[in-house]
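Peer 1: I'd like to ask some things about the structure below.
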Amino acid sequence: MAEHDLYEYSRALVADIQALTDADDGSNPNTFTQYVFEILEEAGVSSDAALAYYSSRGLEIYGYGLPGDGSSLDLYTTDFSLTPLSSKLTKAESDGLFRRLFAFLGKHGAIRPHQVDNTDVHDMCVGAEKALPNVPKIRLFALSNRVSTTSAPEPTEFQGIPVSYELWDLARLHRHETSGSIGEPIKVTFAHPLPCLAAHSEEPNYSVVLAVIPGRQLAELYKEHRTRLLELNVRSFLQARGAVNKGIRETLLNAPGKFLAYNNGVTATASDVDFETDEAGSPVAIRSMTGLQIVNGGQTTASLHHVLTRDKKDLDGVHVQMKLTIVDPAYLSEIVPKISQYSNTQNKVTLVDFSSNHEFHVAFERVSRSLWAPAADGSGQETRWFYERARGQYTDKSAEYETRAAQRKFKLITPTRQRLSKSDLATFVHSWEQLPYWVSRGAQKNFAHFMERIEKSDPVVDVQYCKRAIATALLFQAADRIARTHSAGSHKRLITTYTVARLSLAAEKRIDLDRIWNEQGTTDALRDALDELCPLIMETVISADRHVSEWAKKPDCWDEVSRIPWTLPDVLAAELTAEPFEIASPESTESDEAEAAVEDIPSEEWQALADWAREGRVLRAVDRQVADRVAQRLSQGRRVTGAQARQAMEVYEEALRHGFHPVPVDLDHETA
């Protein structure tokens, strides 16, 4: 994470919190706490959190949450600083925050009698009292706008209930706030314009110039932008393992002056170029390039960087020829693959490779790489999934880290088990979509069919799409492990795809993919169902009188598997969602509709609802606070978005069921 980015985020966060505090006439810590509540809810980490501040000797708490499914009791505390970068949250401070928060668990019963009925703190104490006998776990959250020097404490217990600790410091908040963002195009400015030769062209959508770029300059471009420079390359740098790379390196080390003669150079594209021109208006030198991509010559580029940084050679006298094609951005997906196809002659390039530059995969790579996967093991360590749009990207990215410590950290955050290729993605999604016979036809054919479906459906590749697609990967991996325990042997992959497809069919695709993403794993009920189903699949697919591999490729096999008499276990049926899960977003989402509905209700009516609920003691504290917040936001001309809008409409409908009668605003004013 760039230090500058964190500084800017910190500065903007403090400014936002102060502005919101002034607008709401509240306190900075409470406003910050509410701000983080909304982040956590949007991220699917928590829900139904409400503010309730209380402190006494050795105890401090800012809020609580009781998720509707009864899955936990959540307690929150806050550390907010107006100058967050002037100091760091130390281990002693962090431990102190959690210790004072933990104290609430033992003292809430003594606090409640001293609180006025129906106040936030009173409701919090009552909520904790009712929840503790039943909740399976307690989660303690410490929220801070400072950078922490430590991690959350190890899990403990309270009266036999597991207690986990979540530390959300500035860096973690920044990661989540920027999750899903898309990178800017690469812009390169030459201090000394790069001489070039323009080729005459009457083609409307592209033009070509030739140039010779110093090897050191190209290496430094790679050093600055790394694999972003190769995003449109069909393959990434495959390390110095192949003959081509070793040859490049040997030439650079032993005959740098002959590199221009020996090397084929690089083929690059840009969406816009600023030229110096001659008197006739023809380009003679390149001042800058926007959207630069090296679509062929990635190995050359990375080898230059390797020799400059690892072998400590200055690359004096090394020059690289460059063919630069300026392409209208609207035609990138059409033209660039063909440039790559006709340029690549060194190694075999597969159909999967040539789809690397398809806008679907470019978008999936960018969005998925910006996501942080929730910590799955209670350690608080979030991780990333790594989508390999081009072969070798994972290895290439790992090699960017020059020390073993840095590489270990990369592997910790981006573990190998969370790497997936394009053909993997096709396998996971097709298994979920009940197309196991396509998966069984092999990676190339399955991928080709996947791309045909992508071309027809043109899905929106957004955060939701990526999360749910990765959830299908987690489901497939769980089924794969179970198939191994049943000794599926060489047919394991066939058995796995059929097992996932049959489960998807039986559940009518109502398995909660969002939950799988949020928990980064499958539930016990899902695993038990897969374990029960797998042997039945094996009996049908692995038949002694048939060639298993050929049989699995046939739709008839799927027809037979789909008719296996098997029903969902009750415990899994209870986990299913009401509606089927689609990976892609529909054009008009539930959130869109909720946002529109919230804005149709005047802020005065939301405030009246909150006041009515408070006076009549008919809604939960968290629901009253939702109505309060919506009223404030709308009165300030601010939007209510996403999960908050959906929650607000649920509160509104609940209020109507309990007898709330909206009063027309204009009539109310006239009466008053």
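The values are calculated or read from the model by the stated rules, or taken from the named source; none is laboratory data. Since this is a predicted model, take the numbers as computed values, not measurements. Heads up, the Cβs are rebuilt from the backbone with ideal geometry, glycines too, and the neighbour counts pull from every protein chain shown. In case anyone asks, the SASA skips ligands and DNA or RNA and just uses the protein heavy atoms, side chains included. Shrake-Rupley method; radii C 1.70, N 1.55, O 1.52, S 1.80 Å.
Peer 1: Based on the Cβ-Cβ distance of Y7 and T119, what FRET efficiency does E = 1/(1 + (r/R0)^6) give at R0 = 35 Å, to the nearest 0.05?
Peer 2: Computed FRET efficiency for Y7 and T119 comes out at 0.35.
Peer 1: Okay, moving on. Which residues' amide hydrogens lie under 5 Å from the amide hydrogen of S46, considering only partners 5 or more residues apart or on another chain, with H built in the peptide plane?
Peer 2: E41
Peer 1: So, one more: Quick one: of the DSSP bridges fully inside the chain, what percent are antiparallel, nearest 5?
Peer 2: Roughly 65 percent of the DSSP beta bridges within the chain come out antiparallel.
Peer 1: I'd like the orientation of helix 359-369 relative to the chain: the angle between its Cα long axis and the longest Cα principal axis, in ° from 0 to 90, rounded to 10.
Peer 2: Helix 359-369 and the main axis of the chain meet at about 50 degrees.
Peer 1: Using 31 Å as the Cα-Cα cut-off, could you pick out the over-long pairs in K130/K509; K312/K422; K422/K509?
Peer 2: Beyond 31 Å: K130/K509; K312/K422.
Peer 1: In addition: Quickly rank 442-449, 143-150 as a protection proxy: mean count of other C-beta atoms within 10 Å, highest first.
Peer 2: Result, highest mean first: 143-150, 442-449.
Peer 1: According to a simple spin-label model (label point 7 Å from Cα along Cα-to-Cβ), what is the distance in nm between S87 and A15?
Peer 2: Going from the A15 label point to the S87 one covers 2.5 nm.
Peer 1: If we sort 492-503, 612-623, 470-481, 317-328 on the protection proxy, mean other Cβ atoms within 10 Å, highest first, what's the order?
Peer 2: Descending packing order for the listed peptides: 492-503, 470-481, 317-328, 612-623.
Peer 1: Then there's this: Within a Cβ distance under 12 Å of R287, other residues only, what is the Lys/Arg minus Asp/Glu net charge?
Peer 2: -2
Peer 1: Would you mind checking the pairs K246/K409; K323/K411; K187/K397; K223/K323; K409/K445; K323/K445 and listing those with alpha carbons more than 31 angstrom apart?
Peer 2: Listed pairs above 31 Å: K323/K411; K409/K445; K323/K445.
Peer 1: Quickly estimate the mean residue ellipticity at 222 nm for the chain, helices only: each DSSP H run with n ≥ 4 gives -39500 (n - 2.57), and the total goes over all residues, rounded to 500.
Peer 2: That calculation yields -15500 deg cm²/dmol at 222 nm.
Peer 1: Subtracting the Cα-Cα distance from 0.36 nm times the residue separation, let me have the gained length for D462 to D272 in nm, one decimal.
Peer 2: Between D462 and D272, full extension yields an extra 65.8 nm.
Peer 1: Describe numerically, in nm with one decimal, the distance between label points set 7 Å from Cα along Cα→Cβ at V212 and at N264.
Peer 2: About 2.1 nm separates the two model spin labels.
Peer 1: For the peptides 45-51, 556-562, 57-63, what is the packing order when you average, over each peptide's residues, the other Cβ atoms within 10 Å and list the highest mean first?
Peer 2: Those peptides, ordered most packed to least, come out 45-51, 57-63, 556-562.
Peer 1: Between T309 and E359, what is 0.36 nm times their sequence separation minus the Cα-Cα distance? Round to one decimal in nm.
Peer 2: 14.7 nm
Peer 1: Report ³J(HN,Hα) in whole Hz for each residue of the range 129-135, in order, from the Karplus equation J = 6.51 cos²θ - 1.76 cosθ + 1.60 where θ = phi - 60°; Gly and Pro get x.
Peer 2: Computed from phi, the couplings for the range 129-135 are 4, 6, 6, 4, x, 10, 5 Hz.
Peer 1: Enter the accessible area per residue of the range 1-139 (Å², integer; probe 1.4 Å; all protein chains in place).
Peer 2: Each residue of the range 1-139 exposes 46 Å² on average to a 1.4 Å probe.
Peer 1: Please give the contour-minus-distance gain from R481 to Q381: 0.36 nm per residue of separation, less the Cα-Cα distance, rounded to one decimal in nm.
Peer 2: 33.6 nm
Peer 1: Once R0 is set to 60 Å, what does the formula 1/(1 + (r/R0)^6) return for the Cβ-Cβ distance between R57 and I564, expressed as a FRET efficiency to the nearest 0.05?
Peer 2: Computed FRET efficiency for R57 and I564 comes out at 0.40.
Peer 1: Separation between the D316 and A255 pseudo-spin-labels, each 7 Å from Cα along Cα→Cβ, expressed in nm?
Peer 2: 2.1 nm
Peer 1: Now for a separate question. Using a simple charge model, +1 on the beta-carbon of Lys and Arg, -1 on the beta-carbon of Asp and Glu, nothing else, what dipole does the chain show about its Cα centre, in debye to the nearest 20?
Peer 2: The dipole of the chain has a size of about 3880 debye.
Peer 1: With r as the distance between the Cβ atoms of A280 and L412 and R0 = 60 Å, compute the FRET efficiency 1/(1 + (r/R0)^6) and round to 0.05.
Peer 2: Plugging the Cβ-Cβ distance into 1/(1 + (r/R0)^6) gives 0.55.
Peer 1: Moving to a separate point now. Specify the angular offset, from 0 to 90 degrees and rounded to the nearest 10, of the alpha carbon long axis of helix 298-309 from the longest principal axis of the alpha carbons in the chain.
Peer 2: 80 degrees
Peer 1: In the range 243-314, carbon and sulfur make up what percent of the accessible area (probe 1.4 Å)?
Peer 2: The nonpolar share, carbon plus sulfur, comes to 44 percent.
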